[in-house]
Amino acid sequence: MAASSSGIRWLQVYFSALLVFGSSDVQGFVPCNARVGQSSIYCVCNSTYCDTIEPYTRGNKGLYVLYQSSQAGHRLTKNTSKFSQTRNNSGDVPVFTVDRNSTYQTIIGFGGAFTDSAGINILNLSAKAQENLLRAYYSTDGLEYSTGRIPMASCDFSTHIYSYDDHPEDFNLTNFSLAMEDIKFKIPLIQRAQNMSQKKIKLFATPWSAPAWMKTNKNMTGNGSLIGQPGGKYYKTWAMYFIRFLQEYAKKNISMWGITAQNEPADGNLYHFQFQAMGWTAETQRDFIAKDLGPLLHKYGYGNLKLMILDDDRIFFTTMAKNGVFLC
């Protein structure tokens, strides 16, 4: 999820989606009010005007629907046409082959992050511009985002560094509490998005760093990891930190579909890393999940939560797999 203070929403990627088995055109959608940006056009979305996406509806067989965005100016432009009865062998026309018997990965959804900076920018807009912008992402008039990522405490899209318990040696998390940023920026926008969406938004939470007092470098940024080893008191306290976050958001009627164990776990292994991070190896993340986080999730009724690991660049994927993380 992204916004600017001028209320402009933009898409600057080439995209095309083919939907088969037909469509019937629906009137009443609002077209893109295009303006020229640095490298392509963008669509205006402000307090008085915001484009919508012409919806797809199932129609007659033999038709296909193409939604296309491009640097040339298309912004999810919808076109309906008929399948040709003859094969074109010229080589200049793409050929789509649909094999119903071969399936691959399941697409969970598309979405954005409810960061502090997104909340600050959105709430700086007028009330009507806020409404239009959120509808452009979450309603049936817009993209219908179906997933959302929530940082646990501060991240690199925050105006300052903070955690939910900055009291040293508070192993019982007696002083754990959500921050002003959760109450003012994240939670209200999540609730508004949920109310706009006809689908249940799959929300998942991600930590950037444990509180500084739990870490080897005593800092939420830079090169540092949790003190001790998996199974130790710092790791168990950090696991409970997840539980407390889930419980506090549940009090606001916001339930998580999943969590990731750490944002970009390689970052915290880099010397002088500039924003909130915490270092993990494949082995320590595996053992933390097996000894600490996993058992607590089951104990407190979150056993069905989707627990995702790695959450980093693909170059680390094979390392994580080889060292047994996926076997937990």
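The values are calculated or read from the model by the stated rules, or taken from the named source; none is laboratory data. From a predicted model like this one, the values you see are computed outputs, not experimental measurements. With ideal geometry, Cβ positions are generated from the backbone for all residues, glycine too; neighbour counts draw on all protein chains shown. The accessibility values were calculated without ligands, DNA or RNA, using every heavy atom of the protein model including side chains. Shrake-Rupley method; radii C 1.70, N 1.55, O 1.52, S 1.80 Å.
Computed with a 1.4 Å probe over protein heavy atoms only, the accessible surface of the chain comes to 54 Å² per residue. Ordering Gly112, Pro230, Cys50 by Cα displacement along the dipole of the chain toward the positive end leaves Cys50 in first place; charges were set at the Cβ atoms of Lys, Arg (+1) and Asp, Glu (-1). Compared with the dominant Cα axis of the chain, that is its longest principal axis, helix 233-250 is turned about 40°. Site pair Ile108 and Ser39 shows an inter-label distance of 2.7 nm when each label is modelled 7 Å from Cα along Cα→Cβ. Under conditions of 10 °C and 1.306 mPa s, the chain yields 71 µm² s⁻¹ as its translational diffusion coefficient, taking Rh as the Kirkwood radius over Cα pairs in the Stokes-Einstein equation. With a simple spin-label model that places each label point 7 Å from the Cα along the Cα-to-Cβ direction, the separation between Gln274 and Val30 comes to 3.7 nm.
Computing the accessible area with a 1.4 Å probe over protein heavy atoms, can you report the carbon and sulfur percentage for the chain? The computed percentage sits at 52. The translational diffusion coefficient of segment 40-197, from Stokes-Einstein at 20 °C and 1.002 mPa s with a Kirkwood hydrodynamic radius over alpha carbon pairs, comes to 109 µm²/s.
For segment 179-195, 3J(HN,Hα) computed residue by residue from phi via the Karplus equation (6.51, -1.76, 1.60; θ = phi - 60°) reads 8, 4, 5, 5, 5, 8, 9, 7, 4, x, 6, 4, 4, 5, 4, 4, 5 Hz, glycine and proline entered as x. Remark: segment 38-50, residue by residue, has Karplus-estimated 3J(HN,Hα) of 6, 10, 6, 8, 9, 9, 6, 9, 9, 6, 10, 8, 7 Hz, where x stands for each Gly or Pro and the curve is 6.51 cos²θ - 1.76 cosθ + 1.60 at θ = phi - 60°. Under 5 Å between amide hydrogens, built in the peptide plane, is the criterion, and for Ala205 it picks out Ile150, Gly258, Ile259, Thr260 among residues at least 5 positions away or on other chains. Rounded to the nearest Hz, the phi-derived 3J(HN,Hα) couplings of segment 294-309 under the Karplus curve 6.51 cos²θ - 1.76 cosθ + 1.60 (θ = phi - 60°) are x, x, 5, 4, 5, 4, 9, x, 10, x, 8, 5, 6, 9, 10, 10, where x marks glycine and proline. Highest mean first, the peptides 48-55, 287-294 sorted by other C-beta atoms within 10 Å per residue fall in the order 287-294, 48-55. Computed about the Cα centre, the dipole magnitude for the chain is approximately 880 debye when only Lys and Arg (+1) and Asp and Glu (-1) carry charge, each at its Cβ. Here r is the Cβ-Cβ distance between Ser177 and Arg314 and R0 is 41 Å; the resulting FRET efficiency, rounded to 0.05, is 0.65. Amide H contacts for Thr147 (H built 1.01 Å from N in the peptide plane; partners 5 or more residues away or on another chain; cut-off under 5 Å): Phe110, Gly111, Gly112, Lys202. Just to verify a number: FRET efficiency for Arg100 and Lys199, C-beta to C-beta distance, R0 = 22 Å, to 0.05? FRET efficiency, Arg100 to Lys199: 0.35.
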